[in-house]
Each structure stands twice: as C-alpha cells, then as structure tokens.
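Here it is: the structure, laid out below.
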Amino acid sequence: MRLFAPPLLAILGCTTMACAPAPAGPVPVALAPEEQAPAEVTVTPAAAPAAVAPASARRPPPRPAGKLSGDAAAFVAAHNQARARHCAAPLDWSPRLAELAQRWANALRDKGCAFEHSNGETGENLAGGTVGTLDPGAVVKMWYDEVANYKFPNGGFSMKTGHFTQVVWRGTTQVGCGRTRCNGMDIWVCEYDPPGNWEGQYRENVLPVGCKR
C-alpha cells in the first residue's frame with residue numbers, strides 16, 4: 001500500500017491469479033508487495049473463472065445501468081465503459097457482491113480504518129482517499145489507468161497492472177461495491193465474480209484497445 005498526500009490516495013488490489021496451473025486446475029499462491037509498486041496485490045484462493053467465448057469483431061456497447069442509482073449506477077457505468085474498449089461484455093450489478101463489499105468495508109472501518117484484504121473467494125479491488133477526493137468514476141479510472149503499464153498481447157500478472165486486468169477481465173460477469181468512511185478517508189471496495197487474473201488466460205481475457213489479439 002502506498003499513500004499519496006495531499007490528498008491521500010491509495011489503491012489495494014486483491015484478485016485471483018494462478019502462478020502455476022496444476023492438472024486439476026489453477027493453484028493460487030500469495031505474493032508479497034513490491035516495495036516500489038504503487039499498489040499492493042494479494043492473491044486469494046478461488047475457483048477458476050468460467051470459460052470465455054472467443055472475441056467478437058465488434059466491441060460490445062456499455063450496458064445501461066437500468067434502475068440502478070447512485071454509486072451502483074456509477075460503478076457499473078465506469079466499469080462497462082472501460083470494458084467496452086477491450087471487447088469485454090458489460091458487467092451486471094450483483095446485490096450479493098455489493099453486500100460482501102459493504103460488509104468488508106464496514107469491517108475495515110471497525111478495525112480502525114485498516115486497509116487490507118478480505119481474503120475471500122471473489123476478485124477484489126480496493127481504493128482509498130481523503131474524504132471527497134474520489135467518486136466511483138475516479139476509483140475505476142485509477143484502476144484502469146494501470147493499462148499504461150500492461151504489455152499487450154501477451155501480458156500476465158503484475159502488481160502494477162492487477163487492478164486494470166481485473167476491471168476488464170472478460171470472464172468476469174458481475175460486480176458489487178461498497179464504501180466506508182473513517183479517519184478522514186473514504187475506503188472503496190469492489191468484488192468481482194468470477195474472479196480474474198488467472199495465469200495462462202490473459203491473452204483471451206485482456207484484449208488491447210481495438211480488440212485485436
């Protein structure tokens with residue numbers, strides 16, 4: 001975790017990744033944060049993502065947020081705008097994932113505004129900043145901007161790009177987010193299902209802008 005001030009900004013990503021797929025499926029392992037990395041990524045165990053359909057020649061349009069409102073609508077719109085650039089289908093808002101995200105956000109608040117992972121079975125990205133500094137669009141943009149460090153078309157897991165790859169991971173279909181406020185900071189949590197960042201699946205799941213492999 002790295003804090004930048006003023007204002008304070010930090011991102012913490014937790015997404016599923018397999019470093020050495022075993023015959024029975026990927027085996028997740030934990031990675032230590034790099035000292036100079038702008039974000040810290042911890043790997044959590046989870047089931048492998050569902051199979052991903054071949055890329056279409058056309059970019060899928062962002063899906064309207066429908067009856068969603070407030071932060072939910074903003075998070076869905078921001079994610080889907082980013083995903084459309086990389087031929088990833090729009091995400092649906094999941095009340096179940098939102099509940100998980102809010103529960104963990106509340107737990108972080110109750111721990112004295114801790115900034116750590118839930119170690120659950122879903123993909124997870126976190127962000128924090130001085131109260132009022134971030135909104136859902138700014139949070140997703142901060143994660144997405146890691147695209148500048150990603151090496152297409154054969155990039156893999158990196159602590160500098162793990163948030164971006166989870167945001168646009170084509171095998172992910174649902175997202176849910178929550179927020180808490182403590183010690184003068186807003187902490188944002190987003191959960192993803194199926195989780196992304198599986199080794200050996202980046203070429204299929206993280207396409208460049210223009211969607212050419």
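Would you mind getting me the FRET efficiency between Glu116 and Phe152? Use the beta-carbon distance for r and R0 = 35 Å, nearest 0.05.
E(calc), rounded to 0.05, equals 0.65.
Could you please state, rounded to a whole Å, how far the C-alpha centre of segment 101-118 is from the C-alpha centre of segment 142-190?
Distance between centres, Cα-based: 18 Å.
How far apart, in nanometres, would the label points at Val131 and Glu99 be if each is projected 7 angstrom from Cα along the Cα-to-Cβ direction?
3.0 nm
Highest mean first, what order results for 100-112, 156-168 on Cβ atoms within 10 Å?
156-168, 100-112
Right, here's the next one. Check the straight Cα-Cα distances from Lys160 and name the lysines below 17 Å, setting aside those fewer than 8 residues away within the same chain.
Within the straight-line cut-off, Lys160 pairs with Lys141, Lys151.
Just to be sure I understand the model, the point goes 7 Å from the Cα along the line to the Cβ. What's the resulting Lys160 to Val209 distance in nm?
That separation, rounded to one decimal, is 1.9 nm.
We did not get these values from a lab; they are worked out from the coordinates using the rules stated. Small disclaimer: the values here were computed from a predicted structure and weren't measured. Note that each Cβ is placed from the backbone with ideal geometry, even for glycine, and that neighbours are counted across all protein chains shown.
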